[in-house]
1. If I take every Cα pair under 8 Å that is 6 or more residues apart in the stretch B:16-128, average their sequence separation and divide by the length, what percent do I get for the relative contact order?
2. State in Å² the accessible area per residue of the stretch A:17-113; use a 1.4 Å probe, count heavy atoms of protein chains only, and round to the nearest integer.
3. How far, in nm, would the chain grow between B:L43 and B:L6 when pulled straight, counting 0.36 nm per residue and subtracting the alpha carbon separation?
4. Listed here are the pairs B:K68/B:K134; A:K119/A:K181; A:K95/A:K181; which of them are more than 27 Å apart at the Cα?
5. Using modelled amide H (1.01 Å from N, peptide plane; none on Pro or chain starts), what sits under 5 Å from the amide H of A:Y53, excluding residues fewer than 5 places away?
6. Ordering A:F24, B:F72 by accessible area with a probe of 1.4 Å, largest first, what comes out?
7. Per-residue HN-Hα couplings for the stretch B:213-218, Karplus 6.51 cos²θ - 1.76 cosθ + 1.60 at θ = phi - 60°, whole Hz, x for Gly and Pro?
8. Sequence-distant or interchain residues sharing an amide H contact under 5 Å with A:L153, placed H: which?
Amino acid sequence: MGYRIVKKKPLNPTVTEMDVEAPFVARKAEAGQFIILRVDENGERIPLTVAGYDREAGTVKIIFQIVGATTKKLNELNEGDCICDFVGPLGKPTKTDGLKKVCVVGGGVGCAIALPVAKKLHDMGCEVHSIIGFRNKDLLILEDEFKKVSSKLVVMTDDGSYGRQGVVTVPLKEAIENGEKYDEVIAIGPLIMMKFVVAVTKEYGVKTTVSMNPIMIDGTGMCGGCRLTVGGKTKFACVDGPDFDGFEVDFDEAMERGSMYKDFERHAYEETCNLFKKEVESDA
Amino acid sequence: MPNMSLKKNEMPVQSAEKRAHNFKEVALGYTAETAIDEAARCLNCKNMPCVAGCPVNINIPGFISHVKNGEFEKAYQVIAESSSLPAVCGRVCPQETQCECKCVRAIKGEPVGIGRLERFVADYHNEHCTDSTKAPKQNGHKVAVVGSGPSGLTCAGDLAKKGYKVTVFEALHKAGGVLVYGIPEFRLPKAIVEKEVSALTDLGVDIETNMVIGKTLTVDEIFEMGYEAVFIGSGAGLPRFMGIEGESLKGVYSANEFLTRNNLMKSYNPDSSTPIMHAHKVAVIGGGNVAMDAARTALRLGAEKVYIIYRRSMEEIPARKEEVEHAVEEGIEFHLLCNPTRILGYENADDRRDPKNGSVIGIECVKMELGEPDESGRRRPVVIPDSEFTIDLDCVIMAIGTSPNPLIKSTTPGLEVTKHGGLVVNEETGETTKKGVYAGGDAVTGAATVILAMGAGKTAATAIDDYLSKK
């Protein structure tokens, strides 16, 4: 029982790509939607945005960063192993209707989610400019894939070890100031990045969509854990999102809420790491 | 000779001091002797007023007569004619507003302990019955049931017994709906729910978990797959919040989230990977069963103080009487005739990176008094001016109800909803505005009880059978 991993590929030391057999999800998935998985019986439910799908093969691509106990356990699984639960596609697809020229901004592992959106826009004939940012060269992912679907691509690293040095908002601001007329900017990455992207685009009045990834449990509109304040109203990322109008999102509140279980998560991560270390030692 | 004692036989329970620190079931159940003694209090009235109070019309004097004679399995068979989940209903039904309030014995003294007897009989059956249910001969018709809560399980069971091939689609990873994610172990052990679910699979019902109808599959696609009728029992939806300041602070939960973390995800168990806040001082807002469940769960997770804040008085509190009594015994404090006005958060202006920033530190409330009755007939609570006071807290749980889930409605053309968002049905049959689609439970009524949902599942099963046998 479970959902079989048919392909596993490390994209960098902390980010892994997996193709998972989930035909019902693959049949329906669209860019911008997410799935919820549970690695094993005692596992927590975590949301991961769909990074791609193959409707014929019945597989869904996920790309995740190893940040906590659950992603660590997920990364220990190999091709042929099964994930206990895998449900979706959840949330609303990214709205792309009528867009002619878009700047897609991705940060870190958020690029994995931004790519299918960029690809969808490209395939429908929209002009796509992409700006992708990473901490350093070692963490760079999906550069070639972005190249294929973008007429312009800028790669940024925080330390300048690859591409241009600096944050993603620098080339975004330049492009807008140089007269690029974007119908929309779609920003997907860490909350702090999306907050600063919005700070730039708001100044120039360029409509901006952000993809929110709050803590979730059921993901189907039952528990209310994923609530956000958008335009002063309570919204639920699982059924109202995950995409929202960036100008309206209360990012500071979202950042605070995201840190609620930090201590628990750090502790769980360390325990999981110790567990795997012990297994390795006893195997040796 | 009937037993003329004015009082019910008491239900043995774990002591309040002990149970406040564990998740084991509070009530321990009658022994055979006590059950027979309690059954002897029933006068076996000819006009059976109790039956009229039961949403599924169990032949109550009938089953109690068997208990009187020590024929417990026969008693079970009588209940099973009308109810598919007796072990569940014996535990969670609000008997005091249903069967027991109609009991003749209640005119002078306490009513017969019908709920306690139902529970005894169901537990006896589960413990002693060895012959497993056989799947009946199939009639060749396929029916889909959306949701595996009380209405879905009942509808699926009734149809399977009639020979239909039933598939239940469940959104979560485990079947049982609110019986699993909502009602805590100490009130309804999960082993009982699992037993009910496996009884269904023995009848030949397929249960498909991780299927979100409206997303993974639409109702129209279910028909395309060859199902001839669909029952929607998808339950209540998104939690309501009050719309006051501070509801997004760290430490504010909806009861649904708090209970789901603990019940479905087992976060009380150290082996579980799902975190939950082990708060010191907790306030639960609301007075229903869900509020009691959340408060008593917080207590068991180690809280020193747990408050219920409810805007009306003890008279109007909607929770089951026994749950309120148990909560009081366990030391939950009730702030009645109070309403929150804002939730207070920690803010260190000198250090924006202080991890405590944005955490709950208290709640501000106003005192209320009861005014004229409102449309529900209950007296409307009115704010007493200048009565603000605050309580120090680190956790607030909102248990003030839910609004319907939009997923199925928004993806099913032809399905009409009321202005509150509940599915429109013919009450006699459970038929929705879309041909071949039936619905029941909280998806129709908004948050209600297990037994009402079960009743709706039964009604729909009968109507679906009528519809398909005429087809």
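The values are calculated or read from the model by the stated rules, or taken from the named source; none is laboratory data. Treat the numbers as computed from the prediction; the structure is a model and nothing was measured. No Cβ is skipped: glycine too gets one built from the backbone with ideal geometry, and neighbour counts run over all protein chains shown. Heavy atoms of the whole protein, side chains included, go into the accessibility calculation; ligands, DNA and RNA do not. Shrake-Rupley method; radii C 1.70, N 1.55, O 1.52, S 1.80 Å.
1. Values: 144 pairs, mean separation 34.6, N = 113.
Relative contact order here is 31 percent.
2. On the way: 3330 Å² over 97 residues.
Here the per-residue accessible area is 34 Å².
3. Working: separation 37, 0.36 × 37 = 13.32 nm, distance 1.27 nm.
Roughly 12.0 nm would be gained on extension.
4. Values: B:K68/B:K134 30 Å; A:K119/A:K181 20 Å; A:K95/A:K181 19 Å.
Over 27 Å apart, Cα to Cα: B:K68/B:K134.
5. Those lying under 5 Å, H to H, from A:Y53 are A:K61.
6. Numbers: A:F24 80, B:F72 20 Å².
From most exposed to least exposed: A:F24, B:F72.
7. Result, ordered by residue: 6, x, 10, 5, 9, 9 Hz.
8. Amide H to amide H, under 5 Å and 5 or more residues apart or across chains, A:L153 pairs with A:S130.
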